[in-house]
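Participant: Quick one: this structure, given as structure tokens, is what I'll be asking you about.
The values are calculated or read from the model by the stated rules, or taken from the named source; none is laboratory data. What you see is a predicted model, and the numbers here were worked out from it, not measured in a lab. For neighbour counting, all protein chains shown are included, and Cβ atoms are generated from backbone atoms with ideal geometry for every residue, glycine included. These area figures cover heavy atoms from the full protein model, side chains too; ligands, DNA and RNA do not enter into them. Shrake-Rupley method; radii C 1.70, N 1.55, O 1.52, S 1.80 Å.
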Amino acid sequence: MAKQLLIGNGIVVTLGPENRVIAKGAVLVEDGVIAAVGPEAEVKPLAPQAEYLDARGKVIMPGLINAHHHLYSTFARGMAPKNPPPYTFVEILERLWWPLDDALVPGDLYYAAMLPLIDCIKQGTTAIIDHHESQSYQLGSLSELAKAVGDAGIRASLCLGISDRYGRGKDGIEENVRFLKEVNAVPAGPSRRVSGMFGLHAAFTVEDATLKKAVSAAAEFGAGFHTHVAEAASDQEANLAKFGKRCVARLRDAGILGEKSLAIHCVHIDEQEMAILSETGCAAVHNPESNMNNAVGAAPVLKMMGKGVLVGLGTDGMTSDMRSGVKTAFFLQHHTEADPRVGFCESCAMLLDNNASIIARQLGYEVGVLKPGAAGDVIVVDYTPPTPFDGNTWLGHFLFGICCGPAVDATVVGGRVLMRDKKLTMLDEEALASRCRELAKKFYARF
Ligand SMILES: [Zn+2]
């Protein structure tokens, strides 16, 4: 008998091109996939025996998606950089992030990943695209992350960022290949929650020979590439000095760009590079909180979107909360353009529409929309509208209400209730955090 979950007694927002807003609506999930969406009076009779999740008048919508995360970055929490504080972007990498990932050992990753994964569940983020780095522990590292994702219950596309910064590009290629074989052995479809990409750290730390080998290895799997691009101006300067090309042109010439690939950040790309992204169908991912934190500048997201580039939204590991990310994207565009007319629709589209298109290319099925056939990933957000709520007013409620409110009541992935009444149903957060703190102490001693 099919496993059925009915999420009802709420205002349903379907998202997707139709974006229906249904007062007193319900969503029926059957064997992990959405079977019906509509007024509860019509949907409930289809499954009278279904388990019932009562939204208590609040908003029922698709789970949110993070198009660029770094689950490994947990141990950086509370870490103070030694004096003098790093000033340039490369100093931030050389004095914090590279030694940090280099000090990770087997066993660290599972716990480092579980805590942000728990945050994902609490914040209603039901799918992520993660970019991993652990230079001294590459082989097998993606399987340790996949185990954490599996236990947490959300969806993820994982990859390891290949880099020649310590001369270990070969191991990086091997791990991406090994992991792609592992995930591809699982039958495709919404019940396969983890998929893989081919990761590259960034163009400036990957030699031409390694790029060539990576492209030929990825071809066997039809996998896209996930790489940081022109996060700081120094990436462009290094590529021009060493390879005689700007980042995006060099990546295109190497065969890295395409519809399944992701160019992360793109803060310092010019109009020609935007045209290349648009022509190749390669999506860009904007990470406003991270860019502001690293003081690298504001990505030209409106220009990119104007040129037809699909731009998604990520957090770059800073948080698992997409509500905070979308608000920051909106404010940053207002501030940068000094124009209160821009950025509202674009920021919401990056998160609510574009991230769904981006991750569907990785997972091979639809998420981020409530419609029959899409994955059964649904959240109930703790929001009671104080003014009329319909298709015309919805985005204002989303950005200035839902994204500013107390968070999420319930999180469901593939029909499994991972959080109900703000309580995790599967995981013991305190036990996991306690183990993570023990490992972090040992990690700091190595760092
Ligand atoms: Zn990143």
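Participant: Checking ALA284 against (1) open to solvent by less than 10 Å² (accessible area, probe 1.4 Å); (2) within 16 Å of the ligand (Cβ to nearest atom); (3) part of a helix (DSSP H, G or I), which test does it fail?
Facilitator: It fails just one condition, (3).
Participant: Any chance you could count how many residues in the range 317-334 are touching a Gly at 6+ places or on another chain (Cβ under 9 Å), within 15 Å of the ligand (Cβ to nearest atom) and open to solvent by 10 Å² or more (accessible area, probe 1.4 Å)?
Facilitator: Residues flagged as touching a Gly at 6+ places or on another chain (Cβ under 9 Å), within 15 Å of the ligand (Cβ to nearest atom) and open to solvent by 10 Å² or more (accessible area, probe 1.4 Å) within the range 317-334 amount to 2.
Participant: Which of the strands (runs of 3 or more DSSP E) contained wholly in the range 30-83 include at least 3 residues that are farther than 30 Å from ALA445 by Cα and touching a helix residue (DSSP H, G or I) at 6+ places or on another chain (Cβ under 6 Å)?
Facilitator: Numbers: elements: 33-39, 51-54, 59-62, 64-69.
Strands (runs of 3 or more DSSP E) meeting the threshold: 64-69.
Participant: Among (1) within 15 Å of GLU231 (Cβ to Cβ); (2) not in a loop (DSSP other than H, G, I, E, B), which single condition is LEU302 missing?
Facilitator: Single failed check for LEU302: (1).
Participant: Among (1) touching a residue at least 24 places away in the same chain (Cβ under 8 Å); (2) more than 16 Å from the ligand (Cβ to nearest atom); (3) outside any loop (DSSP other than H, G, I, E, B), where does SER234 come up short?
Facilitator: (2)
Participant: Scan (1) at pLDDT 95 or above; (2) surrounded by fewer than 19 Cβ atoms within 10 Å (Cβ to Cβ); (3) over 29 Å from ALA238 (Cα atoms); (4) of a type in the set (A, V, I, L, M, F, W, C) for the single condition VAL105 breaks and write down its number.
Facilitator: (1)
Participant: Let me ask something else. Going by the conditions given, is ALA295 within 16 Å of the ligand (Cβ to nearest atom), in a loop (DSSP other than H, G, I, E, B) and open to solvent by 40 Å² or more (accessible area, probe 1.4 Å)?
Facilitator: Values: within 16 Å of the ligand (Cβ to nearest atom): yes; in a loop (DSSP other than H, G, I, E, B): yes; open to solvent by 40 Å² or more (accessible area, probe 1.4 Å): yes.
So ALA295 fits the description; yes.
Participant: All but one of (1) of a type in the set (Asp, Glu); (2) free of Cβ contacts under 8 Å to residues at least 60 places away in the same chain; (3) away from the ligand (no atom under 16 Å from the Cβ) hold for ASP377, so report the exception by its number.
Facilitator: (2)
Participant: Within 26 Å of the chain's Cα centre (by Cα) and among the charged types (D, E, K, R): is that true of LYS24 in this structure?
Facilitator: Numbers: within 26 Å of the chain's Cα centre (by Cα): no; among the charged types (D, E, K, R): yes.
Spelling it out, it is not the case that LYS24 is within 26 Å of the chain's Cα centre (by Cα) and among the charged types (D, E, K, R).
Participant: Considering LEU277, LEU351, which residue is open to solvent by less than 10 Å² (accessible area, probe 1.4 Å), closer than 21 Å to CYS159 by Cβ and part of a helix (DSSP H, G or I)?
Facilitator: Numbers: LEU351 fails: closer than 21 Å to CYS159 by Cβ.
Residue meeting the stated conditions: LEU277.
Participant: Please go through the range 305-316 and give me each residue that is in a loop (DSSP other than H, G, I, E, B) and crowded, with 20+ Cβ neighbours inside 10 Å, ordered by number.
Facilitator: Looking only at the range 305-316, we keep the residues that are in a loop (DSSP other than H, G, I, E, B), and these are 307-310, 314-316.
Those that are in a loop (DSSP other than H, G, I, E, B) and crowded, with 20+ Cβ neighbours inside 10 Å: VAL309, LEU310, GLY314, THR315, ASP316.
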